[in-house]
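Asker: Quick one: the structure is below, and I'll ask about it shortly.
The values are calculated or read from the model by the stated rules, or taken from the named source; none is laboratory data. Values in this document were obtained by computation on a predicted structure and should not be read as measured data. A quick note on method: Cβ atoms are made from the backbone with ideal geometry, for glycine too, and the neighbour counts reach across all protein chains shown.
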Amino acid sequence: MNASRNVGFYSLIASTILLTACGSDSSDDNSGIPFSSAFEICSDDSSTSLISTDSELVFIVEQDYAANKPGSITASIADQNSAGRMFLWQQVSGPSLELASVNSPVLAFTPSSNDNYSFKVTVTGSSSNYEEVVSITADSTDNILRINNDHQMVANIDASLRIQNINGQVPTDISWCMYPNIDNVGFNSVDLTDINRPLFNAPDVNSDQLISLKATATFDGQTVSDDVHLLVTKEQAIPSKAYITYPLARVHPYKADSAYADNLVNCTYSNQQIAPCNILNELPFVSQDSQPDPIDTIMDRVVVSHDWMGQNFETYLRAQTNTDFVELLQSVTAVIISYDIRPAYYSGYIGAIYLDPEYLWLTSAQRDTINETPDYRSSFGEDLKYLSPYRYVKDNDYAGVYIEKDNRINRTMDDMSSNFARLMYHELAHANDYYPQSIHATLQGPSLREEFDRRLATDDMPSDQLQMRYPLLSDEMYGLAEVQYAGKSANSTQKAFSPSDVAEFFANDLANDDYAYSSKREDVAMLFEEIMMSHRYGTLRDIAITDKPEVQTSSTITVEWGVRGRVGQTELRDRASYVLGQMLPDIDTQLVMDGLPEPAALVKGQTWAQNLVLTADQSKSPQKVSNQSDSAVIDNRPLQFSGDQHVH
């Protein structure tokens with residue numbers, strides 16, 4: 001390997017070379033945030049170095065690496081962009097490290113100790129393949145400030161960064177700047193409202209550009225800083241008739257040897273796709289293809305931006321003690337898991353579910369790869385006077401573990417299982433509503449678009465039949481749903497509705513959640529989700545209508561009306577039973593419905609936090625009652641609002 005030479009910037013090299021969607025649990029409300037046009041320019045130059053090799057491949061490395069400080073190495077091929085190439089990194093020497101981004105031109109890692117490390121990258125695609133090894137030494141002691149994390153991002157895509165806490169504390173006086181570069185390329189729409197977590201849109205570049213940022217802060221009387229390096233890549237132009245017209249993260253088939261590997265990305269997550277794929281030979285439903293191991297069949301259809309997403313998904317499926325998800329997944333064509341998917345959604349034209357990896361991470365390094373750009377619906381319903389929070393509870397406590405973004409600890413499969421299960425039940429309800437297994441043998445195609453149109457024309461979908469047989473009747477709730485979930489402006493009447501008004505509208509109708517009024521499809525999915533979470537996991541859903549104070553936390557909002565386990569209410573039984581029988585025809589519907597606990601009313605006038613523990617009338621309590629008093633309730637979780645996991 002040739003000796004390294006100092007370069008100020010990677011751009012020196014680059015100058016020569018219809019959806020049904022379901023969102024995450026993010027509570028970040030970034031509505032009304034003013035955006036600045038760019039980061040300020042740093043007064044000094046980025047300290048990166050270039051390492052050449054015996055081939056055209058070169059490495060851009062940092063001059064200083066340190067134990068426990070995020071770092072990166074970028075691989076580049078002179079005079080060429082990285083689009084259309086596959087990258088695979090492996091560690092070949094040094095203390096073993098967790099590598100969460102092995103398929104990117106940018107290898108992000110955190111040295112576990114000051115030591116020597118070597119990594120091999122294999123680059124395939126285009127007309128030439130490369131395999132080279134690069135070595136670095138971690139020996140710096142200047143490692144107090146840490147930014148997560150260096151990564152590759154396509155041009156014009158939204159992205160985020162985060163500064164780690166130091167010894168559990170947030171550094172103060174944080175400022176950001178961007179190192180100058182010869183092409184004068186900068187980020188668009190920079191949002192520094194949360195200075196600890198910048199949000200921004202990548203520039204439209206003419207060639208791959210490595211852009212470096214610097215954060216400076218004060219901690220314990222010291223001025224500390226760190227650099228982060230972001231490779232913005234030039235992608236193919238989006239055709240005018242593309243199915244998806246906005247930038248997408250780079251993804252790849254989780255199983256390179258899948259029989260569908262050549263079609264998976266183009267058919268499901270590519271803005272180069274201009275025509276729907278054939279469902280009979282290019283990408284049929286999972287049910288139409290089988291292997292001895294049904295989970296192997298499913299994994300052949302998985303597309304990921306990072307391999308850990310597919311690994312965790314497969315581990316999760318194999319850990320299940322029932323076959324619900326294997327059965328329900330027969331009605332999808334593919335599963336896409338990518339760091340830029342938020343909110344999660346289902347596509348009826350493609351037959352695929354698109355999952356937010358926030359539900360799947362197990363280590364802090366995996367979580368670092370996930371984009372924190374907030375749900376676009378954050379500002380909907382601002383003019384309304386009420387809130388509709390929800391939560392899943394078990395034994396008078398939250399179901400599922402919550403770990404703050406700043407808390408860098410790992411979680412177990414059990415920790416994430418409950419939250420991921422409800423997302424799966426919800427998304428797979430959409431898939432089985434649109435294309436139940438009972439119709440797969442009669443599919444004509446040639447694409448799902450034609451099947452989709454036929455299904456809509458006949459009103460044969462379970463969601464259509466549910467509305468015909470057991471309709472929701474509240475015009476007021478339908479109108480409010482357009483405001484809350486579709487972004488329609490509230491009229492004067494809706495702005496005047498008090499929490500008690502909305503509580504009356506909702507309580508007297510037959511929905512288990514107010515998001516059911518956003519569409520017939522969501523009505524089915526919400527019912528199925530709540531039934532199965534109660535049946536399989538013993539968790540119950542709280543839904544409430546509350547006031548809307550200026551400061552909104554679990555301890556400041558007051559319940560006007562609410563219920564735990566509403567899906568078990570007698571008046572909802574016919575609706576719920578119908579949905580369950582349609583989604584899982586082989587399940588004992590009566591047994592499941594009989595096993596749903598009696599609903600329990602939340603206490604009007606108490607806060608959302610106080611209503612976490614229900615102690616009144618223990619003989620009818622749907623869950624165990626603890627001895628914890630109201631005064632001892634500690635609820636520091638962000639509020640989850642009805643529908644934040646789902647949007648149509």
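Asker: If you take just the strands (runs of 3 or more DSSP E) that sit entirely in the stretch 44-89, which of them hold at least 3 residues that are hydroxyl-bearing (Ser, Thr, Tyr)?
Answerer: 48-52, 71-77
Asker: For residues that are within 12 Å of Leu145 (Cβ to Cβ) and assigned to a loop (DSSP other than H, G, I, E, B), scanning just the stretch 168-190, find the one that is farthest from the chain's Cα centre (by Cα).
Answerer: Pro171
Asker: Kindly establish whether Thr218 is of a type outside the set (A, V, I, L, M), more than 24 Å from Glu235 (Cα to Cα) and at pLDDT 95 or above.
Answerer: Considered against the rule, which asks whether it is of a type outside the set (A, V, I, L, M), more than 24 Å from Glu235 (Cα to Cα) and at pLDDT 95 or above, Thr218 comes out as yes.
Asker: Condition test on Asn156, is it surrounded by 16 or more Cβ atoms within 10 Å (Cβ to Cβ), polar (S, T, N, Q) and outside any strand (DSSP E or B)?
Answerer: yes
Asker: Let me ask something else about it. Of these, Tyr425, Tyr390, which one is outside any strand (DSSP E or B) and either more than 14 Å from the chain's Cα centre (by Cα) or surrounded by fewer than 22 Cβ atoms within 10 Å (Cβ to Cβ) (or both)?
Answerer: Tyr425
Asker: Filter the stretch 594-616 down to residues that are outside any loop (DSSP other than H, G, I, E, B) and buried (at least 19 other Cβ atoms within 10 Å of the Cβ), then give me how many there are.
Answerer: 5
Asker: Could you go through the stretch 235-257 and let me know if any residue there is more than 30 Å from Asp208 (Cα to Cα) and of a type in the set (A, V, I, L, M, F, W, C).
Answerer: no
Asker: Of the residues Ala507, Ala490, Ala486, which is out of contact with any Gly (no Cβ under 6 Å at 6 or more places or on another chain), surrounded by 19 or more Cβ atoms within 10 Å (Cβ to Cβ), at negative phi and not hydroxyl-bearing (Ser, Thr, Tyr)?
Answerer: Ala490
Condition check ((1) modelled with pLDDT under 95; (2) out of contact with any Phe, Trp or Tyr (no Cβ under 9 Å at 6 or more places or on another chain); (3) not assigned by TED's automatic domain parsing to the domain that holds Ser225) across all residues:
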position	(1), (2), (3)
Thr48	yes, no, no
Thr74	no, no, no
Asp79	yes, yes, no
Trp89	no, no, no
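Yes/no matrix, rows are residues, columns are (1) among the polar types (S, T, N, Q); (2) surrounded by fewer than 23 Cβ atoms within 10 Å (Cβ to Cβ); (3) within 18 Å of Ser135 (Cβ to Cβ):
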residue	(1), (2), (3)
Asp54	no, yes, yes
Thr74	yes, no, yes
Ser82	yes, no, no
Val106	no, no, yes
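Asker: Is the stretch 273-283 home to any residue that is farther than 24 Å from Val102 by Cβ and either among the acidic types (Asp, Glu) or not in a loop (DSSP other than H, G, I, E, B) (or both)?
Answerer: Yes, the stretch 273-283 contains a residue that is farther than 24 Å from Val102 by Cβ and either among the acidic types (Asp, Glu) or not in a loop (DSSP other than H, G, I, E, B) (or both).
Asker: Next question. Counting only residues that are more than 9 Å from the chain's Cα centre (by Cα), assigned to a loop (DSSP other than H, G, I, E, B) and closer than 27 Å to Gln484 by Cα, how many does the stretch 351-377 have?
Answerer: Count: 6.
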